[in-house]
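Have a look at the structure below before the remarks.
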Amino acid sequence: MALKNITWPLLALILFANESSMAAICTPTSNFKTLILNSSLGDVKLDIPRDTPNGTTVYEKTMGSLGDTGTYDCSVSTNMGIIANPSLSTHATKGYLFELPGTGLSWFIKGGRNSNGLFSYDDRISNTTGSRYLEGDTYTLGLVKTGRIPTNTKIINGLLATYKKGDLELFKFYLDLTITHQSASCKSPDLQVNMGTDHTVSSLGAANPPRVAFNINLIDCPKTINKIHYMLKANTATIDASAGIVGLSTDSGARGVALQLFNDDNQPIQFDKNQVFTDSTGSIGGNFYIPLKAAYYRIPNESLTPGTANSSVTFIMSYL
């Protein structure tokens, strides 16, 4: 019994000593306080081209500055870095990018003396011990494309992350930001091409029948579009898809003719194949137009019947 009376108090003293050393890894002085940055960046509208490589920084904005504060003391080497708030983003155990789930974006925070972002708490060990002075800085938020970006809105409101050394909170970053990703596209109104009313048998049978010029108008193109592709898709039966020849709609009265489409160089446009619009100037934005031509085509070995001759084609635009 006497041995037990000696052992238990000794064990309790050992445990208390361990708890005391753990709590003393980093301790603040009397004038120390955690620096808190509240940043309201408002609404951010992103137009990100589809072929933007992952790892591209698509947004940067200064969050604000923090002044210096007091000192703290660390007795041993310990982890130091960013811990993301799990309710807003995914904490990374490596590197300086922290994922925003469902957005295809990740964020980083960098200080004025740091060319990259502040690293994850789990990825950095600080070997500096003793008394340290907590210095403020100017901080920047960056967004990086790290996956497929859907057209949606992400609201970030609250504590984004905490910067800690050991168990001591050095900085806390609060953010109010609404991110909206808009599909990068131009407006392209429907178009009706008037092919005229007087077409003779001789003109339809000519080697080069009269061609009517028209434009596909591209309006309010964002600056982030670098390339424009377009594709023609026939809404009626095709006569020769590779030569851009499409049949007439069922409400047409004419027979023995079809419609053929050409580019501005008088070359037939193949249906269901992406065509590159080479005059788009990239990064400028604004209004453009794609010049095309149309002509009636005489179908060989079919009798010619006069009447209305209508057809329909869909223009499909894609942007890079």
For the condition assigned to a loop (DSSP other than H, G, I, E, B) and within 23 Å of residue 27 (Cβ to Cβ), what is the one hit in 136, 147? 136
Test: residue in segment 181-193 that is within 30 Å of residue 259 (Cα to Cα), modelled with pLDDT of 70 or more and over 31 Å from the mean Cα position of the chain (by Cα): yes
Can you tell me which residue in segment 109-126 is surrounded by the most Cβ atoms within 10 Å (Cβ to Cβ), limited to those that are more than 27 Å from the chain's Cα centre (by Cα) and more than 15 Å from residue 92 (Cβ to Cβ)? 126
Only one of these conditions is not met by residue 308: (1) touching a Lys or Arg at 6+ places or on another chain (Cβ under 8 Å); (2) surrounded by fewer than 15 Cβ atoms within 10 Å (Cβ to Cβ). Which number is it? (1)
Does residue 301 count as closer than 26 Å to residue 185 by Cα, at pLDDT below 90, loosely packed, with under 12 Cβ neighbours inside 10 Å and in the same structural domain as residue 215 (by TED's automatic domain parsing)? no
Subset of segment 282-316 [aromatic (Phe, Trp, Tyr) and over 34 Å from the mean Cα position of the chain (by Cα)]: 296, 297
Any residue that is modelled with pLDDT of 90 or more and not in a loop (DSSP other than H, G, I, E, B) - is there at least one of those in segment 275-282? no
Please find, within segment 130-158, the residue that is nearest to residue 46 (Cα to Cα) out of those that are loosely packed, with under 14 Cβ neighbours inside 10 Å and of a type in the set (D, E, K, R). 148
For residue 46, state whether it is surrounded by 13 or more Cβ atoms within 10 Å (Cβ to Cβ), within 18 Å of the chain's Cα centre (by Cα) and not polar (S, T, N, Q). yes
Can you find a residue that is over 18 Å from residue 35 (Cα atoms), without any contact (Cβ under 8 Å) to a residue 60 or more places away in the chain and touching a strand residue (DSSP E or B) at 6+ places or on another chain (Cβ under 6 Å) anywhere in segment 137-148? no
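The values are calculated or read from the model by the stated rules, or taken from the named source; none is laboratory data. Keep in mind the model is a prediction, meaning the values are calculated, not measured. Using ideal geometry, Cβ is built from the backbone for each residue, glycine included, and neighbour counts are taken over all protein chains shown.
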